[in-house]
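As structure tokens, the structure follows; a few thoughts come after it.
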Number of protein chains: 2
Amino acid sequence: MTNDPRISLRLHFESGLTFGRGKADLLQAIQEQGSISAAGRRMKMSYRRAWSLVEDMNAHFPEPLVDSSRGGAKGGGAVLTDRGRQVLADYRALEALLRDQGAGQLARLRAGQRSVPT
Amino acid sequence: MTNDPRISLRLHFESGLTFGRGKADLLQAIQEQGSISAAGRRMKMSYRRAWSLVEDMNAHFPEPLVDSSRGGAKGGGAVLTDRGRQVLADYRALEALLRDQGAGQLARLRAGQRSVPT
DNA sequence: ATTCGTTGTGTTCAGATGGACATAACCAAA
DNA sequence: TTTGGTTATGTCCATCTGAACACAACGAAT
């Protein structure tokens, strides 16, 4: 989980998919927790919202990023597919690229910015 | 003006500023056209909207990114300040970094994505 | 003084977005 | 067969967003 609050990267693809830190963190939380609802709790979002995001991601690929099952002793659960892990890893790599190689530009962009009250 | 419709980069700063291709293209259009309204026309957005974006950007820096004047023979106009040019250049550099150094990840992320009807 | 294109502002309205609830379906284990 | 935690889905509502208009202020050139 990236804990740099200063910068976040959001990609808009031509397919209509938008993928940013929210979905990346959600994928990672699902991977670590083994369920969508636990991931949602950890990220302080409703299950409804977490599930919607997963549905949206899955809908943009022929194979889902998250494989879920319901029922059973533990109620069910969810895991990342190979594709899901790959998407997460690629996004993290782009984030790292930006942070490392783009440090100069980011620092300059940030320099002197004023917080603006909403 | 970046003409790769496939990917766009949006940065969220802690100051509250969000800066993506829309604002970058707008800055560039202002630089090339010399006015906010002409830039807005070129980007097919209302003057109201273009002006609001400029106001938002200016508000997030101690010195404005766009310097505007009104009245006169040509009605007025707007130019980029040094800071404005620098912000634009830094954003473009980050875009290029992603496209070049991140080509592999981006290609893989894009691979097999399905267009999803709204 | 008039002109003319631009800047600067306000207002209204439809549509998108996300939060908050509610509820059914599922199924291994006890 | 009951239990319990999870997945799956629907609905309502406050809020945010952006599009669409409308209009005053400005000032160099004529």
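The values are calculated or read from the model by the stated rules, or taken from the named source; none is laboratory data. Model, not experiment: these values are computed from the prediction. Note: ideal-geometry Cβ built from the backbone for every residue, glycine included; neighbour counts use all protein chains shown. Ligands, DNA and RNA are excluded from the accessible area calculation, which covers all protein heavy atoms including side chains. Shrake-Rupley method; radii C 1.70, N 1.55, O 1.52, S 1.80 Å.
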Search result, residues across the stretch A:26-41 that are in contact with a helix residue (DSSP H, G or I) (Cβ under 9 Å, 6 or more places away or on another chain), under 20 Å from A:Ala89 (Cβ atoms) and surrounded by fewer than 19 Cβ atoms within 10 Å (Cβ to Cβ): A:Gln31, A:Glu32, A:Gln33
Matching residues, the stretch B:59-99, being within 25 Å of A:Gly104 (Cβ to Cβ), within 16 Å of DNA strand D (Cβ to nearest atom) and without any contact (Cβ under 8 Å) to a residue 40 or more places away in the chain: B:Ala59
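Quick one: is A:Arg108 farther than 29 Å from B:Arg99 by Cβ, open to solvent by 10 Å² or more (accessible area, probe 1.4 Å) and more than 12 Å from DNA strand C (Cβ to nearest atom)?
Working: farther than 29 Å from B:Arg99 by Cβ: no; open to solvent by 10 Å² or more (accessible area, probe 1.4 Å): yes; more than 12 Å from DNA strand C (Cβ to nearest atom): yes.
Answer is no for this residue.
So, restricting to strands (runs of 3 or more DSSP E) that lie completely within the stretch A:1-109, which ones have at least 2 residues that are in contact with a Lys or Arg (Cβ under 9 Å, 6 or more places away or on another chain)? Before you say what the answer is, go through the steps one by one.
Working: elements: A:9-12, A:66-70, A:76-80.
Where strands (runs of 3 or more DSSP E) fall fully within the stretch A:1-109 and carry at least 2 residues being in contact with a Lys or Arg (Cβ under 9 Å, 6 or more places away or on another chain), they are A:9-12, A:76-80.
Per-residue answers, yes or no, for (1) at positive phi; (2) over 11 Å from the mean Cα position of the chain (by Cα); (3) not charged (D, E, K, R):
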position	(1), (2), (3)
B:Arg10	no, no, no
B:Arg21	no, no, no
B:Ala24	no, no, yes
B:Ile30	no, no, yes
B:Gln33	no, yes, yes
B:Gly40	no, yes, yes
B:Leu53	no, no, yes
B:Asn58	no, yes, yes
